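Scroll down for the structure; my scribbles are underneath it.
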Amino acid sequence: MELAARLARAAGDLVRSGRPDRVLVSATKSSATDVVTEMDVAAEALLRSLLAEHRPDDAILGEEGEFHPGSSGLTWVLDPIDGTVNYLYGIPAYAVSVAVVAGGPDPATWTAVAGAVHAVPDGRTWTAGRGLGAYLDGNRLRVNDARPLAESLVGTGFGYTRQRRTEQARLVAEVLPLVRDIRRIGAASLDLCAIATGGLDLYYERGLKPWDLAAGGLVAQEAGAVVTGLHGAPAGEQMTVAGPAASVLELTRLLEQNGAASGA
Ligand code: LIP
């Protein structure tokens, strides 16, 4: 937990100090808007070099690099800049996400052990250890009490392909009239930390990658939130829903009734 925080802060210092006035896109992935910047790559390279020094026998799964196998049974799951589009545009909502899991690299079979999410613009750092609780800059966190869906502030996000976004637009149009309001922060790890801090009542998103979810999901769980998928499935790329148990039950029913985990 302490090492995850140290690594996240170190990468955050690089991202913060090295941000040029105009950030350039160095590559794209699933679509022309799914961008990678030179800083994404540089920050992950720093994280990998620190892990080689401090945890040489552990495996590494990172958003921007190849899977590095290990022999210890532990895998570090890295998102060097979660919220890359916000970083590109200078919108102050992007984070370094560092988690360590038992097992890996298949997220369906791993158990998150510890994690840290470091908000680069303002330096806030969330940490969590399995069974050890969740903290924001050392202060213990507790998820909001459940409240009716109509009074809940709900976070969500959208993918990068037209097909997936068409489906997500249909779904959010069903959800919006039934909740207090919607927030689209643009970084899943910060959405999940907002659940832990009480800044959101609920969060749902389809299409999260393992590195989007690994650290923030543990922070939310250790703050007392339920983090799940639909139809009894675990949280993952098909769907992630997070919040207090009673509210998650209401939201998952609504999402299931609207076919949220099927289609694009
Ligand atoms: C982002 C996620 C966010 C999602 C964005 C994007 P990235 O991750 O954290 O929840 O809505 O579309 O996928 O690509 O910035 O690492």
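Some points to look at:
- The set of residues in region 67-84 that are over 15 Å from A102 (Cβ atoms) and open to solvent by less than 50 Å² (accessible area, probe 1.4 Å) comprises L78, D79, P80, I81, D82, G83, T84.
- Residues in region 51-60 that are open to solvent by 70 Å² or more (accessible area, probe 1.4 Å) and touching a residue at least 24 places away in the same chain (Cβ under 8 Å): H54, R55.
- Among the conditions (1) within 13 Å of the ligand (Cβ to nearest atom); (2) aliphatic (A, V, I, L, M); (3) under 14 Å from the mean Cα position of the chain (by Cα), V100 misses just one, which is (1).
- Flag for D145 being more than 11 Å from the ligand (Cβ to nearest atom) and not basic (K, R): yes
Residues checked against (1) among the polar types (S, T, N, Q); (2) open to solvent by 70 Å² or more (accessible area, probe 1.4 Å); (3) farther than 20 Å from A5 by Cβ:
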position: S31; (1), (2), (3): yes, no, yes
position: T37; (1), (2), (3): yes, no, yes
position: S49; (1), (2), (3): yes, no, no
position: G62; (1), (2), (3): no, no, no
position: G65; (1), (2), (3): no, no, yes
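- Of the strands (runs of 3 or more DSSP E) lying entirely inside region 156-257, those containing at least 2 residues that are open to solvent by 10 Å² or more (accessible area, probe 1.4 Å) and away from the ligand (no atom under 11 Å from the Cβ) are 181-183, 226-228.
- Residues that are of a type in the set (A, V, I, L, M) and more than 15 Å from G155 (Cβ to Cβ), drawn from region 227-253: L230, A233, A245, A246, L249
- Hits in region 62-75 (condition: touching a residue at least 60 places away in the same chain (Cβ under 8 Å) and away from the ligand (no atom under 14 Å from the Cβ)): none
The values are calculated or read from the model by the stated rules, or taken from the named source; none is laboratory data. Here the structure is a predicted model, which means the values were calculated and not measured. All Cβ positions, glycine included, derive from the backbone under ideal geometry; neighbour counts span all protein chains shown. Calculation scope for accessible area: heavy atoms of the full protein, side chains included, ligands and nucleic acids excluded. Shrake-Rupley method; radii C 1.70, N 1.55, O 1.52, S 1.80 Å.
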